1. Could you grab me the full set of residues in the stretch 105-114 that are more than 9 Å from ligand 1 (Cβ to nearest atom) and under 22 Å from Glu129 (Cα atoms)?
2. Write out, first by first residue and then by second, each pair whose Cβ atoms fall under 7 Å of each other, whose residues are 6+ apart or on separate chains, and whose first residue, in the stretch 279-295, is closer than 21 Å to Asp39 by Cβ while the second is assigned to a helix (DSSP H, G or I) and among the β-branched types (Val, Ile, Thr).
3. Return yes or no: is Glu151 under 24 Å from Ala243 (Cβ atoms), among the acidic types (Asp, Glu), within 15 Å of ligand 1 (Cβ to nearest atom) and surrounded by fewer than 18 Cβ atoms within 10 Å (Cβ to Cβ)?
4. What about Ala40, is it under 19 Å from the mean Cα position of the chain (by Cα), farther than 19 Å from Ala141 by Cα and without any contact (Cβ under 8 Å) to a residue 40 or more places away in the chain?
5. In the stretch 10-37, what count of residues is obtained for those that are within 15 Å of ligand 1 (Cβ to nearest atom), under 14 Å from Ser233 (Cα atoms) and either in contact with a strand residue (DSSP E or B) (Cβ under 7 Å, 6 or more places away or on another chain) or free of Cβ contacts under 8 Å to residues at least 12 places away in the same chain (or both)?
6. If I filter the stretch 259-268 down to residues being more than 18 Å from Val34 (Cα to Cα) and either of a type in the set (A, V, I, L, M) or within 14 Å of ligand 2 (Cβ to nearest atom) (or both), which single residue comes out as surrounded by the fewest Cβ atoms within 10 Å (Cβ to Cβ)?
7. Quick test for you: out of Asp275, Asp254, Asp231, pick the one residue that is within 21 Å of Gly217 (Cα to Cα) and in contact with a Lys or Arg (Cβ under 8 Å, 6 or more places away or on another chain).
8. Here are the criteria: (1) part of a loop (DSSP other than H, G, I, E, B); (2) out of contact with any helix residue (DSSP H, G or I) (no Cβ under 8 Å at 6 or more places or on another chain). Tell me which single one Asn112 does not satisfy.
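The values are calculated or read from the model by the stated rules, or taken from the named source; none is laboratory data. What you are looking at is a predicted structure, and each value in this text was computed from that prediction instead of being measured. Cβ: placed from backbone, ideal geometry, glycine included. Neighbour counts: every protein chain shown.
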Amino acid sequence: MKLPSKVKLVDVGPRDGLQNEKAPVPAEIKIGLVHRLQDAGLKEIEVTSFVSPKWVPQMADAAEVMAGIQRKPGVRYSVLTPNMKGFEAAVASKPDEIVVFGAASEAFSQRNINCSIAESIERFAPVVEAARAKGIYVRGAISCAVGCPYEGEVAPERVEMVARLMKQIGVQHMGVADTIGVGTPTKVQRAMEAALKHYALDDISGHFHDTYGQALGNTLAALELGVWQYDTSSAGLGGCPYAKGATGNVATEDVVYMLQGMGIDTGIDLDKLIDAGKYISDFLQRKPNSRAATAILNKRAR
Ligand code: HMG
Ligand code: MG
């Protein structure tokens, strides 16, 4: 066991968290969430996606949201860009980082971004080149790294292949995603190890949805491999419109609570983070999907 002494969390709540919401969430509310997350100490926030508004209507206000954020020094703002059109639209918003998102399963690649894995790499290549030429950091994501809603179980070899292809086109960081939250700790370790064949430990992160309640366990399993970067979502919001039934990412609050208890530094103020999660949950008229937030909010109420 080589547990890291510090962990970086990227809150993907404003993007992954809200992309699947049916009712429109005004840009102002999304901006309010980003502001609360940065005040809570998050050092990276995945703000939005520059994708087709026909495919994901909730992200149609990407430019407006990016323009409305009062940026805090030391915080990185990332956005999803599936193709050159998305990248060109994103550039004006001056993101610190862009994300190209592929999949380890052919069926999911087709459903999510309307092309095969091989075609997706061809689309990403000019995006990566253009971003790096402008000094914008490039992160990649591999969806369905352990399981696919259409193909079932996904072998680690598939993850290794996509990681290799992404590395070849210059993607600098690789996020290994359990899109539908079916992974269990050892399977997630195999997927992380597959990506680690092409990416260094410092250039890899975990992105675990919590559909089956495994995400915290999966996070611990990845920590045991030394992985120290994770995508999490405030109030456990989230889901992918092209992964039916999948619920949100592991709640940032739950991960911060666990890490604090383990003496691992995140730089995040849990109380302020809970306020951020409550803010967006109140807007959505539901309770935060985080056990730690629920417990702490109940304690506050007593
Ligand atoms: P396509 O239809 O193959 O693209 O979609 P196209 O190039 O043929 O263009 C078709 C139309 O879309 C055209 O408009 C383009 O202008 C427009 P029309 O002429 O019909 O009016 N278009 C765009 N508009 C705005 N921004 C763009 C853009 N590109 C084309 N960037 C595309 C391909 C990728 C665009 C589409 O499939 C799409 O937008 N998919 C959305 C996928 C998505 O956002 N999924 C959720 C995020 S991924 C995720 O949640 C997983 C993750 O969390 C990790 C995990 O958990 O697994 C990251
Ligand atoms: Mg996701």
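1. Once the filter is applied, which keeps residues that are more than 9 Å from ligand 1 (Cβ to nearest atom) and under 22 Å from Glu129 (Cα atoms), the stretch 105-114 yields only Ser109.
2. Going by the 7 Å Cβ cut-off, the qualifying pairs are Phe283/Ile29; Pro288/Thr294; Ala293/Ile274.
3. Yes: the conditions hold for Glu151.
4. Spelling it out, it is not the case that Ala40 is under 19 Å from the mean Cα position of the chain (by Cα), farther than 19 Å from Ala141 by Cα and without any contact (Cβ under 8 Å) to a residue 40 or more places away in the chain.
5. Selection size over the stretch 10-37: 9.
6. Per the criteria, the residue is Met262.
7. On the way: Asp275 fails: within 21 Å of Gly217 (Cα to Cα); Asp231 fails: in contact with a Lys or Arg (Cβ under 8 Å, 6 or more places away or on another chain).
After applying the criteria, what remains is Asp254.
8. Unmet for Asn112, out of (1) part of a loop (DSSP other than H, G, I, E, B); (2) out of contact with any helix residue (DSSP H, G or I) (no Cβ under 8 Å at 6 or more places or on another chain): (1).
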